[in-house]
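Structure first, then comments.
The values are calculated or read from the model by the stated rules, or taken from the named source; none is laboratory data. Every value quoted in this text rests on a predicted model; they were computed, and no experiment measured them. Glycine also receives a Cβ, built like all others from the backbone with ideal geometry; neighbour counts cover every protein chain displayed.
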Amino acid sequence: MTWSEMQPLLSQGIIDTLYMVLWSTLVSVAVGLPLGVLLVLTDKGGLLRNVAVNKVVGVVVNIGRSLPFIVLLIALIPFTTLVVGTFIGPSAMIVPLAIGAIPFFARLVETAVREVDHGLVEAAQAMGGGVPTVVFKVLLPQALPSLISSVTTTFIVLIGYSAMAGAVGGGGLGSVAISYGYQRFETQFMLATVVILVLLVTVVQLLGDAAVRLLARRGRTS
Amino acid sequence: METPVITTTGLTKVYQSRGREVTALDGVDLHVREGEVFGVIGQSGAGKSSLIRCVNLLERPTTGTVTVDGVDLTALAGRGNRAGRELREARSRIGMVFQHFNLLSSRTVQGNIELPLEILGVSGRERSRKALELLDLVGLADKAKSYPGQLSGGQKQRVGIARALAGDPKVLLSDEATSALDPETTRSILQLLRDLNRQLGLTVLLITHEMDVVKTVCDSAALMRRGRVVETGTVGELLATPGSELAAELFPVTGQATGPRRTVVDVTFHGEAATRPVISQLSRTYNIDISILGAAMDTVGGKQIGRMRIELPGQYEENVVPVGFLREQGLQVDVVDDEDAPLDTQDPTPALVKETAK
């Protein structure tokens, strides 16, 4: 197969992958962020101590994290069909990708938020701040660099997951690699997708690190 | 001056820790008068930290009441863990500074001072005006746009103090505010607290493990041990209390008789007598030579207070009249009995061992 034949397939693969990963990252952040914060707030010593809520959310997150993604992908087919109308194609893949990444991102958020010095929370409370003040003016801004790193990590994990989605007709680079590189023994396709994936991950990581450094330069040395 | 602005009554705090109960506060009654700097001193684990956190209810007392500026905070607290609106409003009128400053590294110095104003719902322009005014007050007018990470420890604590003052509090709580600072910076921060106390009529309740802090700024002090207040009073009152540990720590006098047949007495100055040159009067009146073995004096409000250890020639029986003279002057005189303090146990272990900053 010549480059001119490969090129449109690969371009479409990149577009599909980015489409799936961007949307699923967005959804996981939107759902995972509040979940992660909730895990910290409802924990022992948290502002909203609530053992029941903490346990339930914790168990749900753990179940989500312990399932291998490929199993989740297949298990979610009925649900995906219900939501999107089909379980094939990049749009359909956003559902399992997001659901797979939400618990992962929630745990990262939990860790990042937990690292915020409790003294800062105490100071906000001493000023008369309530829970919204503590969350939006203390916990999230203080954890921002770690949160950005968490988004980067989630994005990269989702690139990996999205390649798996190719196995069940999800489209994207994974799909290209499987149907051309694996099933048709087109080695160049395999090589090309590997190179593109490596480049993609590297660029995302560099962008994420640059964003964290930008924040660090504001003199957050202590 | 005499109305208490902070009162705690029968305050207890019991922590549950793995089924065991730990009593941090065991019936604390504290009265902090308006406009004074009140120091609570004690070793770590004595309960000072729990006490100051109970004053603005960052920690809920197990029993007892806390009244700040006429408002019973314990009544506002309600049940549940979350602080209700009324309690949060009351807290916004109590400033607090912390040992580790607790500034947000994500905000500029100005942004940090604006945080309490944001909580109070003050408009943007007014917030910025107030923040700059407070920065000027603490001597950091040029640091508004800096981040806390770019400041020294002393500067950070000044920002912490400016932030604590943003809500125009009547009361400032200081939780070991100088314990993470070097001695020189400690002095400048204490001086700032003293100035604010005088200029703004701010009542300051501070906790510390350093006697020097109490010595430098406090009008009144309380000594805590195992969750109880063991001694309390103004510095003058403490001095007048025989056997007061705080007075002994605040005004330590040492020194032994220079030879046999001498009388060593401790003279405590407080009140009116302190303004008269009694020692030289004594010397002239009875024509005796007096040696000063040690002294710890301080001038508070234009009056000298403190202790002096002096030596008179001759045994105690020969000195009954001069000692009587001193007592007539309104001074407290305690005879130091040599036999009670043999040489090898002369140096008693200090009641308050200095702990290192956490």
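Per the listing A:THR133, A:THR80, A:THR42, A:THR86, the residue uniquely within 14 Å of chain B (Cβ to nearest Cβ), over 15 Å from the mean Cα position of the chain (by Cα) and more than 29 Å from B:SER17 (Cα to Cα) is A:THR133.
The number of residues in the stretch B:61-92 being within 29 Å of B:LEU190 (Cβ to Cβ) and facing chain A (nearest Cβ under 8 Å) comes to 3. Answer yes or no: is there a residue in the stretch B:203-225 that is of a type outside the set (A, V, I, L, M) and at positive phi. Checking the stretch B:203-225: not a single residue is of a type outside the set (A, V, I, L, M) and at positive phi.
When B:ILE305 is tested against (1) of a type in the set (A, V, I, L, M); (2) at pLDDT below 85; (3) in a helix (DSSP H, G or I), exactly one condition is not met: (3).
Here the condition is being more than 21 Å from B:LEU173 (Cα to Cα), charged (D, E, K, R) and without any contact (Cβ under 8 Å) to a residue 40 or more places away in the chain; of B:ARG261, B:ARG284, it holds for B:ARG284 alone. Among the residues of the stretch B:48-85, the ones that are part of a loop (DSSP other than H, G, I, E, B) and over 20 Å from B:LEU172 (Cβ atoms) come to 9 in all.
Here is the figure for the stretch B:104-119: residues that are within 8 Å of another protein chain (Cβ to nearest Cβ) and buried (at least 18 other Cβ atoms within 10 Å of the Cβ) total 7. Just one of (1) closer than 15 Å to B:GLN157 by Cα; (2) touching a Leu at 6+ places or on another chain (Cβ under 7 Å) fails for B:ALA221. It is (1). When residues in the stretch B:9-47 are screened for being in a strand (DSSP E or B), among the basic types (Lys, Arg) and surrounded by fewer than 15 Cβ atoms within 10 Å (Cβ to Cβ), 1 of them pass. Does at least one position in the stretch A:21-43 carry a residue that is part of a loop (DSSP other than H, G, I, E, B), touching a His at 6+ places or on another chain (Cβ under 9 Å) and under 30 Å from B:ARG88 (Cα atoms)? No. Within the stretch B:9-54, the residues that satisfy the criterion of being among the polar types (S, T, N, Q) and under 25 Å from B:HIS100 (Cβ atoms) are B:SER17, B:GLN43, B:SER44, B:SER49, B:SER50. Restricting A:GLY129, A:GLY58 to residues that are outside any helix (DSSP H, G or I) and without any contact (Cβ under 8 Å) to a residue 60 or more places away in the chain narrows the list to A:GLY129. Identify all residues within the stretch B:114-156 that are touching a Leu at 6+ places or on another chain (Cβ under 7 Å) and without any contact (Cβ under 8 Å) to a residue 24 or more places away in the chain; write none if there are none. Once the filter is applied, which keeps residues that are touching a Leu at 6+ places or on another chain (Cβ under 7 Å) and without any contact (Cβ under 8 Å) to a residue 24 or more places away in the chain, the stretch B:114-156 yields B:ARG127, B:ALA141, B:GLN155.
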